[in-house]
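What follows draws every value from the coordinates through simple rules; no lab data is involved. Being a predicted model, the structure only gives us computed values, none of them experimental. We place every Cβ from the backbone using ideal geometry, glycine too, and count neighbours over all the protein chains shown.
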Amino acid sequence: MITYTDHRKKSLRQRLRSRKGQQAIIIFAFMFIPLLLLFLFTYFPFAEMFKFSFYKMKYTGTRTYVGLDNYKEVFENKQIFSSLKLCLYYMAGSIVQLVIALYLATMLSFKTKGGNIFKGFMFFPFLINGIAIGFIFKFFYTRGFVFDTVLQWCGFNLENLPFWLRTQGLNNVSLVGTSVWRYFGQNMVLFIGAIMSVDAEMYEAAELDGANKFQQFMHIILPSIKTIVTLNIILSITGSLSAFEPPYVITNGGNGTATYFVVMNRIAHTNQKVGLASAMAIVLLMIIFTATILQKLFFKFAFRNANAEDEVVTSKKRRRNKVSKKQKEAV
Amino acid sequence: MAAKRRKHYGVGQISAIFIKYFSLVFFSFVAVIPIVSCVITAFKTDAEYQSTNVMTLPENWLNFDNFISAFKMANMGRAFLNSTIVLVCVLIGSILIGTQLAYVLNRFNFLGNALIRNLFLFASLLPGVAMQISVYNIMQQLGFINHLYGYIIMMMGTDVISIYIFIQFMENISVSLDESAIIDGASYMQIYWKIMLPLLRPAIVTSMILKGVSTYNEYYSANLYLQRPELRTVAISLYSFTGPLGSRYNLICAGVIISLLPALFVFIICQKQIYNGITAGAVKG
């Protein structure tokens, strides 16, 4: 009996070993194309971009090596560096967006009449393509058109209303508004998904204990979606550094709405100063990576205490259990 | 029972319910009003558009003239054909590539497995707009510009989210299935093709919808690499409304609505899968 199973195991192992070669073939065959595409369209261009940033060049024609001149220009050119400031608008917008999404997700995670319809309405903007959004909002913000009309319904006077896309400063707020409009539903769906993963019995138990909705939110919902909220905060900050779409499709960067990437895009594809644009891209990537790492460290630090407390509690529980077990045994 | 409960509602609870539904209605209104205004305008004749307020309802809801002329003007028939070709090729390609890569990464332990996963993850952190500066150069050297196949090949590449959806899903497919197939003498290719692919179907549907929506809506690279008018996809066919039309928004809105219809259609049919995809895609972080 024993020899039989041994024999079987061996033969299986042998078979597997004979498959080593096959394994290597399948690994190679299945990874060749994805890796080729990854290197061709991501890592190779990335390396190229790094190289370009030291040259003065167009897409075609001669290249001259200029050392760090492009980087100097990124920091010295006022237009370029001031465009980075616009990311503050987008950062504020993304915080507003997260708060709205979290609020609505909490509302919808309790029993709601017509919940799916509300959800669908608020989510749909996420599925619209960028160019269409550009047209929709050019139309929406035009003087005397949709937005002004809705405000007039609310009792505002058209003469007191500003030009939403022309007034400097305000136009950035309008643009950020479109981005909030587009993504708050998607964020909401994300949060609903996270909230739904909480055990429903928790709510029942909390209700029996007399916890109101707000307490349920603070002590059950919020802790369980902590990670996904944190992740979204990190994403939204890096996202606002690389804000591009709203100004690109709606104002084309006019009237002081040109974010860093819009300026970069213009320099690369309209002015064809490829070296300078590459340097801009590299600088922004550096900033994004630093910001991401700093935030990760910050959140690790901020949550460290909470986690430590949890551990203390569980270890105490464990000890208590052990003690009670020992006591039982003793009895 | 319900009646009894209703009696016990206090003022606080009633106002809480009021606030809840008020905010839901308010934000739904905010989400929908820009689109609704477009629909309203798309049905108006030129004279009507110029003489009435944008939010005044059109006289004739069956006036499809704008849709027809927008469709012709932007050559949207051709654009839909192009978008369909791109969609079908990109979806088939990226599903095959993604499932194969996920299969190898999930089932085999080899040197560099973790490294490759990280390479894909890191790639997703690089903002696409910045990368196009040098990708443009490469596309030019490969002769991929102004060819649908060039754009398709580029779009099939970097797609971390679906790879992660596949890997996550595969972790729940028991390895003993593979093992018993091996004992029965199946090759790895057969295991992938006959066991993995069919079992992965839910994950494939999810990633197809996500990838499909993002491909259909992609306009930045399409605009860079498909410059000839006859190659335009639906998303960039809308560009033909920028120059000569100026502000004939009744026509433009009709074009916008036409371009939204496929997304709306898919959304109504596959709501659940889309929501699942959104949540699944986020977990990978």
(request) DSSP loop (so not H, G, I, E, B), at most 12 other Cβ within 10 Å: list which trypsin sites (Lys or Arg not before Pro) in region A:94-125 pass both filters. (result) A:111, A:113
(request) Mind giving me the nanometre distance, one decimal, between the label points for residue B:242 and residue A:92, set 7 Å out from Cα along Cα→Cβ? (result) 2.9 nm
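Calculate, in whole percent, how much of the Cα-Cα pair population of the protein assembly as shown lies beyond 43 Å.
The answer is 32 percent, as a whole percent.
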(message) I'd like the distance separating the alpha-carbon centroids of region B:171-228 and region A:233-303, in whole Å.
(response) 32 Å
(message) Can you give me the long-range amide H partners of residue A:55? Hydrogens built in the peptide plane at 1.01 Å from N, cutoff under 5 Å, separation of 5 or more residues or another chain.
(response) A:66
(message) Only counting other Cβ atoms within 10 Å, I'd like A:28, A:163, A:139 sorted with the fewest neighbours first.
(response) A:28, A:163, A:139
(request) Along Cα→Cβ, 7 Å out, is where each label goes; now give me the distance between the ones at residue B:121 and residue B:138 in nm to one decimal. (result) 2.2 nm
(message) With the crude spin-label approximation of a point 7 Å out along Cα→Cβ, what separation in nm comes out for residue A:289 versus residue A:166?
(response) 4.5 nm
(message) Would you work out the Kirkwood radius for region B:2-63? I mean one over the mean of 1/r across all pairs of different Cα atoms, in Å.
(response) 14.8 Å
(request) Compute the long axis of helix B:128-142 from its Cα atoms, compare it with the longest principal axis of the Cα atoms of chain B, and write down the angle in degrees, 0 to 90, nearest 10. (result) 70 degrees
(request) Using a Förster distance of 25 angstrom, determine the FRET efficiency expected from the C-beta separation of residue A:152 and residue B:47, and round it to 0.05. (result) 0.60
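Based on other C-beta atoms within 10 Å, arrange A:284, B:261 from fewest to most.
Ranked by crowding around the Cβ, least crowded first: B:261, A:284.
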(message) If the elastic network links every pair of Cα atoms under 10 Å, which of A:174, A:242, A:197 fluctuates the most in the Gaussian network model of chain A?
(response) A:197
(message) Give the separation of the Cα centroids, region B:98-137 to region A:114-187, in Å.
(response) 36 Å
(message) Restricting to lysines 8 or more places apart or on different chains, can you count the pairs in chain B with Cα atoms under 21 Å from each other?
(response) 5
(message) Can you compute 3J(HN,Hα) from phi for each residue in region B:218-226, using the Karplus curve 6.51 cos²θ - 1.76 cosθ + 1.60 with θ = phi - 60°, rounded to whole Hz and x for Gly and Pro?
(response) 5, 10, 5, 5, 4, 5, 6, 9, 10
(request) Can you put B:65, B:184 in order of Cβ neighbours within 10 angstrom, beginning with the fewest? (result) B:184, B:65
(message) I need the peptides B:16-29, B:110-123, B:199-212 ranked by packing, meaning the mean over residues of other C-beta atoms within 10 angstrom, with the highest value on top.
(response) B:199-212, B:16-29, B:110-123
(request) Write down the radius of gyration of region A:73-324 and its Dmax, each obtained from C-alpha positions, in Å. (result) 22.8, 77
(request) Provide the per-residue ³J(HN,Hα) series for region A:33-46, in order, calculated from phi with Karplus coefficients 6.51, -1.76, 1.60 and θ = phi - 60°, each as a whole number of Hz, with x at glycine and proline positions. (result) 5, x, 5, 4, 5, 4, 6, 5, 10, 10, 6, 5, x, 4
